[in-house]
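One structure below.
The values are calculated or read from the model by the stated rules, or taken from the named source; none is laboratory data. As the structure is a computational prediction, the values presented were derived from the model and not from experiment. A quick note on method: Cβ atoms are made from the backbone with ideal geometry, for glycine too, and the neighbour counts reach across all protein chains shown. These area figures cover heavy atoms from the full protein model, side chains too; ligands, DNA and RNA do not enter into them. Shrake-Rupley method; radii C 1.70, N 1.55, O 1.52, S 1.80 Å.
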Amino acid sequence: MHTQQQSYLVRCSFSSESIVMEFPHCAATFFLFALLFSTTKAVDPCATQSDNSDLSVIPIYSKCSPFVPPKQDSWVNTVITMASKDPERLKYLATLADQKTTSVPIAPGQQVLKIANYVVRVKLGTPGQQMFMVLDTSNDAAWVPCSGCTGCSSTTFLPNASTTLGSLDCSEAQCSQVSGFSCPATGSSACLFNQSYGGDSSLAATLVQDAITLANDVIPGFTFGCINAVSGGSIPPQGLLGLGRGPISLISQAGAMYSGVFSYCLPSFKSYYFSGSLKLGPVGQPKSIRTTPLLRNPHRPSLYYVNLTGVSVGRIKVPIPSEQLVFNPNTGAGTIIDSGTVITRFVQPVYFAIRDEFRKQVNGPISSLGAFDTCFAATNEAEAPAITLHFEGLNLVLPMENSLIHSGSCSLACLSMAAAPNNVNSVLNVIANLQQQNLRIMFDTINSRLGIARELCN
């Protein structure tokens, strides 16, 4: 049987003309790398664009990121390493159901970045101090390491260097809006809080206010945590920007400035020289975009739940019991969109049903690679069926690059999804960032809708 290797279209612009070229997936990266170094006019892809109101969304191990990737022999092995932290991420998401005030032990120690995510470049304070903060749609608070922090990285925010820094004490409303806050029963005190993050890490911070600059926008009096100490390996070295639905998230604090609307386009992890974008506010959002309702869980108010009604593999609608997908605020069950998980994770019965149908439609032996348990010869890739996610009012047919991942030698192709691990509250399906790449994902928190549109994010 004749097989066809997957190809990528590459558009190159020279003066006023554009040329579209088609390359096998393994050759496309090499071509782009060579093209960047063969042009006569050097262009810095990491330079800040002063005339652009969008924020660049940067893969954490790309050229434009300050973070050093783990030593690997291929980008796919880097992704496998990053995906190995997903179980800790899912454990963290499961703990968000517990809204009780908790105290988390903090121990000193040098931090090693062990999370997979995307970062955005912002400035804090006056004059602005540049920080690369992790983008997190499942977290409300923002926090950065501050000078004198125990166990933090060498890049920290310097509060004393900012002329607009303000303190918050326990009498302020923002203090009670941060989980893990600690205040004395009587008297005044700075607002302190402890939080866990990523399933294996924790932080201690003081709540403060200062100006935050996002591209061309300045939000004065932005409330965030100034980290004093960290423990574990998942705390982002230059901080976190929470885009959740709670009252202290960036979108809530911005108020009318952004009208509760934001969107992002996540570039591929292979996009070493390119970045995506974060659009804040309704201006510049896609004019034509299909939407599905956002659901609200009062027990997990930060999370963006959607109504996933089914999954198709090729032309086959996978038989999945409705109770495995239904939204249940009491148990936390349902499906969320998350920027911090690497590969989409389904509860085990759902994933096994999807995987088994996928295996039926792919010829040849099946093997495993890291977190991926359904790998096959890349020469059979033309027979791989498309995965369709059926949401209420919206069907998303995943492009092959969003549902398959290739081994470093390009000899294997693997279904880039997995089952939820056994050691977490396995009631939550998580649509992760690998499946969101090269799509414009729009969150409209005021009208409770999520939009999805195709877009080349690189």
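How about segment 348-430: which GluC sites (Glu not before Pro) there lie in a loop by DSSP and see at most 15 other Cβ atoms within 10 Å? The partial results should precede the final answer.
Numbers: sites: Glu357, Glu381, Glu383, Glu392, Glu401; in loops: Glu392.
Listed in order of number, the matching sites are Glu392.
Using a Förster distance of 41 Å, how high is the FRET efficiency between Asn422 and Thr126, based on the Cβ-Cβ distance and rounded to 0.05?
Working: r = 49 Å, r/R0 = 1.20.
E between Asn422 and Thr126, to the nearest 0.05, is 0.25.
Taking a ≥ b ≥ c as the square roots of the Cα gyration tensor eigenvalues, with a/c under 1.5 meaning rounded and otherwise prolate when a/b beats b/c, else oblate, which class fits segment 364-441?
Numbers: a/c = 2.03, a/b = 1.26, b/c = 1.61.
Here segment 364-441 falls in the oblate category.
Using the Kirkwood radius built from alpha carbon pairs, what does the Stokes-Einstein equation give as D for segment 262-399 at 25 °C and 0.890 mPa s, in µm² per second? The diffusion coefficient I find is 141 µm²/s.
Apolar share of the accessible surface for segment 180-256: 54 percent from carbon plus sulfur atoms, 1.4 Å probe.
Let's test the formula: R0 of 45 Å, r as the Cβ-Cβ distance of Arg315 and Ser154. What FRET efficiency results, to the nearest 0.05?
Numbers: r = 54 Å, r/R0 = 1.20.
Between Arg315 and Ser154 the formula returns 0.25.
A 1.4 Å probe run over the protein chains yields, for segment 309-395, 40 Å² of accessible area per residue, whole-number rounding.
How big, in percent, is the set of alpha carbon pairs in segment 314-373 lying more than 12 Å apart? Kindly include the intermediate steps, with their values, before the conclusion.
Numbers: 1340 of 1770 pairs.
Of the Cα pairs, 76 percent sit more than 12 Å apart.
So, by mean Cβ neighbours within 10 angstrom, what's the order for 331-339, 222-230 with the highest one leading?
Details: 331-339: 21.7, 222-230: 24.1.
The densest-packed peptide leads the list: 222-230, 331-339.
Return the distance in nm (one decimal) between the two label points of a simple spin-label model at Arg290 and Asp169, each offset 7 Å from Cα along Cα→Cβ. Once both label points are built, they end up 5.6 nm from each other.
Rg/Rh, computed from the Cα trace of segment 206-291 with Rh as the Kirkwood radius, has the value 1.00.
With the simple model of a label 7 Å out from the Cα in the direction of the Cβ, Arg454 to Val68 spans 4.1 nm.
When only DSSP loop residues count, what trypsin sites (Lys or Arg not before Pro) in segment 243-336 have their Cβ near at most 16 other Cβ atoms within 10 Å?
Details: sites: Arg245, Lys270, Lys279, Lys287, Arg290, Arg296, Arg315, Lys317; in loops: Arg245, Lys270, Lys287, Arg296, Arg315.
Filter output for segment 243-336: Lys287, Arg296, Arg315.
Give me the percent of Cα-Cα pairs in segment 152-264 that sit more than 15 Å apart, rounded to a whole number. So the portion of pairs separated by more than 15 Å is 68 percent. Counting 0.36 nm for each residue step from Ala161 to Asn77 and taking away their Cα separation leaves a gain of 26.2 nm.
How large a share of the accessible area of segment 315-458, in percent, is made up of carbon and sulfur atoms when the probe is 1.4 Å and the other protein chains stay in place?
Working: 2740 of 5320 Å².
Accessible surface attributable to carbon and sulfur in segment 315-458 totals 51 percent.
An ellipsoid equivalent to segment 317-458, defined through the eigenvalues of its Cα gyration tensor, has semi-axes of 26, 19, 14 Å when rounded to whole angstrom and sorted largest first.
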